[in-house]
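These notes are about the structure you will find just below.
The values are calculated or read from the model by the stated rules, or taken from the named source; none is laboratory data. Keep in mind the model is a prediction, meaning the values are calculated, not measured. For neighbour counting, all protein chains shown are included, and Cβ atoms are generated from backbone atoms with ideal geometry for every residue, glycine included. Quick note on the areas: whole protein, heavy atoms, side chains included, nothing else; ligands and nucleic acids left out. Shrake-Rupley method; radii C 1.70, N 1.55, O 1.52, S 1.80 Å.
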Amino acid sequence: DVYYEIARDGRIIEISPSMTKVLGYRRLQMLGNPMADIFADSKNFHKLVDRVVRKHRLTDYETLLKKANGDLLHCSVNAMLIDASRGKPSKIIGTIRNITSRVKARRIKKKKRQKKAALALSKGIFIT
């Protein structure tokens with residue numbers, strides 16, 4: 001998993017070295033850069049931030065992230081708003097987890113259900 005902290009403007013202010021293993025970016029390369037840059041679709045990043053600001057927390061937000069080599073990776077993002085205190089600006093902290101195996105397992109399960117339904121339909125059996 002990758003631990004991160006982002007400022008309210010979306011810039012990465014802290015990120016764990018595990019970012020290199022998960023997405024291929026070096027930690028120092030990421031600091032100060034917009035977190036939206038690693039999202040396959042930056043709109044998903046802005047949706048995530050909007051939800052966190054409204055609800056103060058977001059759990060298991062599935063999205064595609066861009067690896068350093070350009071490949072896309074299915075990830076789950078958790079985030080929590082840390083409110084400003086004692087003159088410190090608020091920030092969002094959270095984790096990123098590679099969920100490629102979860103997504104593949106879901107696709108396999110869906111294909112099996114579809115094959116089962118198609119077979120049943122071809123035999124005149126209706127599954128509800």
task = Taking the residues in region 57-74 that are open to solvent by 80 Å² or more (accessible area, probe 1.4 Å) and under 21 Å from E14 (Cα atoms) as candidates, determine which candidate is modelled with the lowest pLDDT.
result = R57
key: Answer from I38, I15 - the residue that is within 25 Å of K104 (Cβ to Cβ), in contact with a Lys or Arg (Cβ under 7 Å, 6 or more places away or on another chain) and of a type in the set (A, V, I, L, M, F, W, C)   = I38
request  = Go through A84, A36, A120 for me and flag whichever is modelled with pLDDT of 95 or more and of a type in the set (A, V, I, L, M).
outcome  = A36
key: Hey, D9 over 18 Å from I99 (Cβ atoms) and either over 16 Å from the mean Cα position of the chain (by Cα) or aliphatic (A, V, I, L, M) (or both) or not   = yes
Top-ranked residue of region 20-31 - restricted to ones that are out of contact with any Lys or Arg (no Cβ under 6 Å at 6 or more places or on another chain) and not polar (S, T, N, Q), ranked as least open to solvent (accessible area, probe 1.4 Å) = M30
ask   = Within region 12-53, which residues are in a helix (DSSP H, G or I), closer than 16 Å to N98 by Cα and of a type outside the set (A, V, I, L, M, F, W, C)?
value = T20, K21
query = When the residues of region 1-11 are filtered to those that are in contact (Cβ under 8 Å) with a residue 60 or more places away in the chain and in a loop (DSSP other than H, G, I, E, B), which remaining residue is least open to solvent (accessible area, probe 1.4 Å)?
reply = D1
task = Starting from region 16-33, take each residue that is under 15 Å from K66 (Cα atoms) and touching a residue at least 12 places away in the same chain (Cβ under 8 Å) and list its partners that are of a type in the set (A, V, I, L, M) and open to solvent by 40 Å² or more (accessible area, probe 1.4 Å), counting only C-beta distances under 6 angstrom and pairs at least six apart or across chains.
result = G24/A68; Y25/A68
